[in-house]
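Chemist: Here it is, the structure, as structure tokens.
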Amino acid sequence: MKKRAVSLGLSLFLALLPLIFLFVHPLFSQIGAPSTAKIHPDLLTQMQADPDGRIPFIIDMAQTAGLSAATEQTDVVNQLQRTAVSSQAAVRQTLNALQAAGEIKSYRPFWIVNKIAAEGNAAAITALAARPDVAQIRPDAQVTAIKPPEDDPYLQLLQATAVTTGPVQSWGIERIGAPYVWNGLGIDGSGVTIAIMDTGVDW
């Protein structure tokens, strides 16, 4: 009788095992899966191309200062700094641990925008993205001034244009390149009327 009960219980367990697996497997898959939803697609591409490399990235914190238009300037600074210190504390501890493990090369916190600039590998980025206090992680790209190509027709026009500078002309006129516009592009303000009413004008 006892053997029959054990056999019946084992059969019931084996019958329910696939059903249990269907419920439990998605749960563990969700817990163990890397959180890539917060990682910018361009950064994901860099991570896949060089997972062990040192990739510069920006951590956007989830918490904001919640400022209003009526907030005084000194209060704005204090509130931004307090928010950054409190919200970044746990993330900076994680960064320190990752840095000690060699996963993070360096990082720099900011309080005006409540972000952290860091440089690390793909594993570190994935670990940081899994934190609930992190809103997004995106690439830290260097922005440079746009320079026209050497064969740019406008550049050739400006370089070939003679610039005449009179003795009374302000240095600021030259600094902004106004003579190039006057002589090179033929734009000198002709036909445009500008009026001013001011107590300092000598009529």
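Chemist: May I ask you to say which residue of Leu67, Leu95, Leu80 is under 24 Å from Gln142 (Cα atoms) and surrounded by 12 or more Cβ atoms within 10 Å (Cβ to Cβ)?
Modeler: Answer to the selection: Leu95.
Chemist: Same structure again: Does any residue of the range 113-128 turn out to be out of contact with any Pro (no Cβ under 9 Å at 6 or more places or on another chain) and either surrounded by fewer than 19 Cβ atoms within 10 Å (Cβ to Cβ) or of a type in the set (Asp, Glu) (or both)?
Modeler: Checking the range 113-128: at least one residue is out of contact with any Pro (no Cβ under 9 Å at 6 or more places or on another chain) and either surrounded by fewer than 19 Cβ atoms within 10 Å (Cβ to Cβ) or of a type in the set (Asp, Glu) (or both).
Chemist: Within the group Ala124, Ala90, Ala118, which residue is in the same structural domain as Pro51 (by TED's automatic domain parsing) and either in contact (Cβ under 8 Å) with a residue 60 or more places away in the chain or in a loop (DSSP other than H, G, I, E, B) (or both)?
Modeler: Exactly one of Ala124, Ala90, Ala118 is in the same structural domain as Pro51 (by TED's automatic domain parsing) and either in contact (Cβ under 8 Å) with a residue 60 or more places away in the chain or in a loop (DSSP other than H, G, I, E, B) (or both), namely Ala118.
Chemist: Same structure, new question: Restricting to the range 64-94, give me the number of residues that are among the charged types (D, E, K, R) and touching a strand residue (DSSP E or B) at 6+ places or on another chain (Cβ under 9 Å).
Modeler: Matching residues across the range 64-94 total 1.
The values are calculated or read from the model by the stated rules, or taken from the named source; none is laboratory data. This is a predicted model, so every value here is computed, not measured. Every residue, glycine among them, receives a Cβ derived from its backbone with ideal geometry; neighbour counts consider all protein chains shown.
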